[in-house]
Structure formats: structure tokens, C-alpha cells
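Colleague: This structure is in C-alpha cells; I'll ask about it shortly.
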Amino acid sequence: MDLSLPHQHLSQALQKPDDQVDLAAAALYIAQIADPQLRIETYLKALDDMAQVIQSRLPVERYPLKVIKIINQYLFEDLGFRGNDENYYDPRNSYLNQVIDRRLGIPITLSLVYLEVARRIDFPMVGVGMPGHFLIRPTVNEMAVFVDGFHQGEILFEDDCKARIKQIYGASAILRPEYIAAVSPRQFLGRMLTNLKLIFLNGEDIETALEMIELLLIVMPDNGQEKRDRGLLFFHQGRFLEAAADLKTYLQAFPEAQDAIQVNELLKRITPETES
């Protein structure tokens, strides 16, 4: 399958080692699928400009909590970035250019803005893919604090994260170490794209959901579940040859999958179609 220019650029961006991946540029390539006229440089410069203002406000002694306070004041008070509680599942909340333009986002995209300005002022932070709510964490001196970009840069501690997990999953839920581990660029982009995929599936926009899966398979090329989902959507569209190829690939990778019986049954239905 021929790749469009944004697809090519995303693929090229991910060829680099993790610590060299330009996460903002990669996110903008994803946004370019929705807006082909989007100028990547415009939004990278917007992040540069934000960082420049923050840099000018930093004291000589850059105590981490002081730096966080200054970033919070600029992003959330001066610029007015905030979480979009009113329309959380608006896809614009997941496109970085729209988040920068509208000052509205969801936890992962507001975290991305925060991470990118922090990186530009040499204040290292990482994304934390906690289930149900994305956070960020400074890596300076192995600080055990988290920053919640969706709630105005609120500072959280591990006990707060435990409480949130219980709030989401019930009183018996525990905070597993992997819930607060740093995510890689691929994991970060994968979570963004999964959000978009689910939004479009819920809105029954199959074509755009397929587009998100194509991007997910650039980010995570060995993800069998995405090939399964693409196969199911191809089947829904009557594209039986493509559906069969993806579903067979899925079963080869996951022969003991919980849905293996159902997928095999679907393949039996498809086979006469592909042979006719």
C-alpha cells in the first residue's frame, strides 16, 4: 500500500532512537491526516515561543517545583489551556494543532504540550500512561511527583495515583508499577491514535477509524490486534480479500486468542467470497 506524505513522515520520525524522536512533530503528522494544509513548522514554532517565555521567567536557581509552578502559571493561567470537560470526545482534543489553537485538550495532548515546552527549557519530563488518565513526571533527581495537565498542572503523589485507580476500577484495584512507568514515544503515539480510533468507531465513521488503524500499524507494526480490527472493518466494508489476509495474520500471531473461534468462523464465511 502506498503511503501518503504524513504517513511517510511519521514512519521516518520513528526510525530514530527513542530519545531522538520528535514527539511533537510526530503528533502533528497524525493531525495532518485530518488537515492536509497544516503547516508543521507553525506549531513547532508555537511551542518554541511558549518555551522562550517560560525560559525568561525562570529564576537562576531552578528548583523543580518552582519550574513546574512557572510552567503551570504560563500555560494554564496566562494562555488558558484547559481540559475539555464539556466535549471530551471531540476528536479535535486529540490533534496537537487544534489543542494549541483552541487551548483545549484531553490529558494526553495537554501532557504533550507540557512535555514539549519542558523539553525546550531543558527540564526533563516523561509521559506516564496511567490507565484512565495520562500524567507526566519530572525526571530531575528521580522526583516522585506527577503533574496532571488536564487539571491545570495539579501536582500528585503516588497515594493520589492509588486513589485515582480505585476511583476508576473500584476499591480493590491496586496501583501496579507499570501503571506509573514512563512510556516510549511509540506507546505515547499509540495511545493518542487508539483514542482517535475509538472516537471514530463510536461515531460509526469507519473510513476514518481505518485511517487511524493504518497509522497505529506504522507506530506498532507488529500489533496483531490492530490487524484483526482492520480485518473486521474491511469485512464490514465488503473488502473480503483484505479482511481475510488480516484475520489470518492475526490468528497466526495469536492462535490461542480468546476470540480465535469467532475469527475462524468469520474466515469460513469470507472464504467463499474470496474464491468466487
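Colleague: Just to be sure before I move on: is Ile136 crowded, with 20+ Cβ neighbours inside 10 Å and assigned to a strand (DSSP E or B) in the structure I sent?
Modeller: Values: crowded, with 20+ Cβ neighbours inside 10 Å: yes; assigned to a strand (DSSP E or B): yes.
So Ile136 fits the description; yes.
Colleague: Among the residues that make up segment 224-245, is at least one of them surrounded by fewer than 20 Cβ atoms within 10 Å (Cβ to Cβ) and touching a Gly at 6+ places or on another chain (Cβ under 6 Å)?
Modeller: no
Colleague: Select from segment 37-56 the residues that are among the small types (Gly, Ala, Ser) and in contact (Cβ under 8 Å) with a residue 24 or more places away in the chain and write down the one among them that is nearest to Val147 (Cα to Cα). Show your work before the answer.
Modeller: So in segment 37-56, the residues among the small types (Gly, Ala, Ser) come out as 46, 51, 56.
Then keep just the ones that are in contact (Cβ under 8 Å) with a residue 24 or more places away in the chain; that gives 46, 51.
Values: Ala46: 22, Ala51: 17 Å.
Top of the filtered list is Ala51.
Colleague: Just to be sure, is Ala209 modelled with pLDDT under 95, farther than 20 Å from Asp22 by Cα and surrounded by 14 or more Cβ atoms within 10 Å (Cβ to Cβ)?
Modeller: No; evaluated as a whole, the condition is false for this residue.
Colleague: Inside segment 1-37, can you point out the residues that are among the hydrophobic types (A, V, I, L, M, F, W, C), assigned to a loop (DSSP other than H, G, I, E, B) and more than 19 Å from the chain's Cα centre (by Cα)? Talk me through it step by step, then tell me what you get.
Modeller: To start, the set of residues in segment 1-37 that are among the hydrophobic types (A, V, I, L, M, F, W, C) comprises 1, 3, 5, 10, 13-14, 21, 23-28, 30-31, 33-34.
Then keep just the ones that are assigned to a loop (DSSP other than H, G, I, E, B); that gives 1, 3, 14, 21.
Met1, Leu3 - these are the residues of segment 1-37 that are among the hydrophobic types (A, V, I, L, M, F, W, C), assigned to a loop (DSSP other than H, G, I, E, B) and more than 19 Å from the chain's Cα centre (by Cα).
Colleague: What are the pairs, 6+ residues apart or on separate chains, where a residue within segment 12-24 that is without any contact (Cβ under 8 Å) to a residue 60 or more places away in the chain has its Cβ under 7 Å from a residue that is small (Gly, Ala, Ser) and part of a helix (DSSP H, G or I)?
Modeller: Ala13/Ala25; Ala13/Ala26; Asp22/Ala13
Colleague: To continue, here is another question. Consider only pairs whose beta carbons are under 7 Å apart and that are at least six residues apart or on different chains; among these, list those whose first residue lies in segment 57-83 and is at positive phi and whose second residue is modelled with pLDDT of 95 or more.
Modeller: That search, which allows pairs on different chains as well, returns Gly80/Arg103.
Colleague: Another one. For segment 149-251, which fully contained helices (runs of 4 or more DSSP H) count at least 1 residues that are touching a Lys or Arg at 6+ places or on another chain (Cβ under 8 Å), more than 25 Å from Val113 (Cβ to Cβ) and not charged (D, E, K, R)?
Modeller: Answer list for segment 149-251: 206-219.
Colleague: Do you know which residues across segment 58-68 are surrounded by 13 or more Cβ atoms within 10 Å (Cβ to Cβ) and basic (Lys, Arg)? I'd like the intermediate steps shown before the answer.
Modeller: Taking segment 58-68 as the starting set, the residues that turn out to be surrounded by 13 or more Cβ atoms within 10 Å (Cβ to Cβ) are 58, 62, 64, 67-68.
Answer for segment 58-68, where residues must be surrounded by 13 or more Cβ atoms within 10 Å (Cβ to Cβ) and basic (Lys, Arg): just Arg62.
The values are calculated or read from the model by the stated rules, or taken from the named source; none is laboratory data. Note that the coordinates shown come from a computational prediction; the quantities given were computed from them, not determined experimentally. Glycine gets a Cβ as well: all are built from the backbone with ideal geometry, and neighbour counts include every protein chain shown.
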